[in-house]
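J.: Structure incoming, see below.
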Amino acid sequence: MKVEIYSDIACPWCYVGKTRFEQALAAYPQADQVEVVYRPFQLDPGAPEEPLPHREVLAAKYGPQSVRMDARITELGAAENLVFDFDTVVENNSLLAHRLLRYVLDTYGSEAQARLKGRLLAAHFGEGMDIGDRAQLADAAVAVGLDRDPITEFLNGDELHDEVLDEIEVARARGVTAVPTFVFEGQWAVQGGQEADTFLRVFEQVARETAGAAPAAASQDAGTGQAGQAGQGGAACEGDACEVPRD
């Protein structure tokens, strides 16, 4: 079974969703037969390539309610043992980090990519990491066991720039407008940071469907919750996902 996860490092629900998805995967008896690949998606592709304080960015967009939004996702994260320290979060354009994740997937494989994805989310939301800073990205890669020299060389070039932008366009063409979105076997999509039990049921259902002679090409939406969090740029994070406004 292959699962493609469309997400953005700038999305708090992507952090929660990754954690819950991995809890479900750990409980799934055939976990060793599941390939997980992270695909890029940008909530705000036009974000300036400069670090800005999260509180300042959010307050400018949503005013006093931004504090309540941050408090809600912080509470939900704590229930999953995740740290959200929005006083230290730095917002920046996420394209460089997505390029690095694609490079790691191509060079080291999907398990290394998943480790790096987790490290980037933890450092961005809990440790004040600037995801647009090359040195900090290299440090994150080293922290999950990757070699600094090739990572640094990659980050100093422009390799995979167009490829990652193309991947993002493919995501939009597939109908992805909110993250995280989990696509099972290229056919069944689950949107949002669902509970682990929901993901486990999806694993089991997809396994049953794909065991048949002719699985139907359909989209399965697991539904959404009620909690919300404002996102970067024009994106809104509510219903367990961060959504890009439609034109």
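J.: Taking a 1.4 Å probe, which of Glu111, Glu167 shows the most accessible area, and what order do the others take after it? Spell out each step's value before the answer.
T.: Working: Glu111 140, Glu167 35 Å².
So the residues, ranked largest to smallest area, are Glu111, Glu167.
J.: On full extension of the chain, what length is gained from Asp166 through Met1, given 0.36 nm per residue of separation minus the C-alpha to C-alpha distance?
T.: Roughly 57.0 nm would be gained on extension.
J.: While we're here: Using a probe radius of 1.4 Å on heavy atoms only, what accessible surface per residue do you get for the stretch 29-96? Whole Å² is fine.
T.: On the way: 3540 Å² over 68 residues.
Result: 52 Å² of accessible area for each residue.
J.: Expressed in nm to one decimal, what extension gain is obtained for the pair Asp197 and Lys61 from 0.36 nm per residue of sequence separation less their Cα-Cα distance?
T.: Using 0.36 nm per residue and subtracting the Cα-Cα distance, I get 45.5 nm.
J.: Can you give the extra length, in nm with one decimal, that the chain gains between Glu80 and Glu22 once fully stretched, where that is 0.36 nm per residue apart less the Cα-Cα distance? Intermediate values should be presented prior to the final figure.
T.: Values: separation 58, 0.36 × 58 = 20.88 nm, distance 1.15 nm.
Answer, rounded to one decimal: 19.7 nm.
J.: Right, something else. Separation between the Asp87 and Gln187 pseudo-spin-labels, each 7 Å from Cα along Cα→Cβ, expressed in nm?
T.: Here the modelled spin labels are 5.1 nm apart.
J.: Here's something else I'd like to know. Could you check the simple spin-label distance between Glu153 and Glu35, using points 7 Å along Cα→Cβ, in nm with one decimal?
T.: 2.6
J.: While we're here: Output the antiparallel fraction of DSSP beta bridges having both residues in the chain, as a percent to the nearest 5.
T.: 75
J.: Further, regarding this structure: Using a 1.4 Å probe over the heavy atoms of the protein chains, calculate the carbon and sulfur portion of the accessible area of the chain as a whole percent.
T.: The value for the chain is 46 percent carbon and sulfur by accessible area.
J.: Given a 1.4 Å probe and the protein chains all in place, what does the accessible area of Leu101 round to, in Å² to the nearest 10?
T.: 10
J.: Additional query: Hey, if we sort Asp8, Asp158 by accessible area with the 1.4 Å probe, largest down, what's the order?
T.: Working: Asp8 0, Asp158 120 Å².
If we order Asp8, Asp158 from most to least accessible, we get Asp158, Asp8.
J.: Hey, another quick one. Going by the alpha-carbon gyration tensor, a ≥ b ≥ c the square roots of its eigenvalues, is the chain rounded (a/c under 1.5) or, if a/c is not under 1.5, prolate (a/b greater than b/c) versus oblate?
T.: Oblate, since a/c reaches 1.5 and b/c is not below a/b.
The values are calculated or read from the model by the stated rules, or taken from the named source; none is laboratory data. Quantities reported herein were computed from a predicted structural model and do not represent experimental measurements. Using ideal geometry, Cβ is built from the backbone for each residue, glycine included, and neighbour counts are taken over all protein chains shown. We work out accessible area using only protein heavy atoms, side chains counted, and drop any ligands, DNA or RNA first. Shrake-Rupley method; radii C 1.70, N 1.55, O 1.52, S 1.80 Å.
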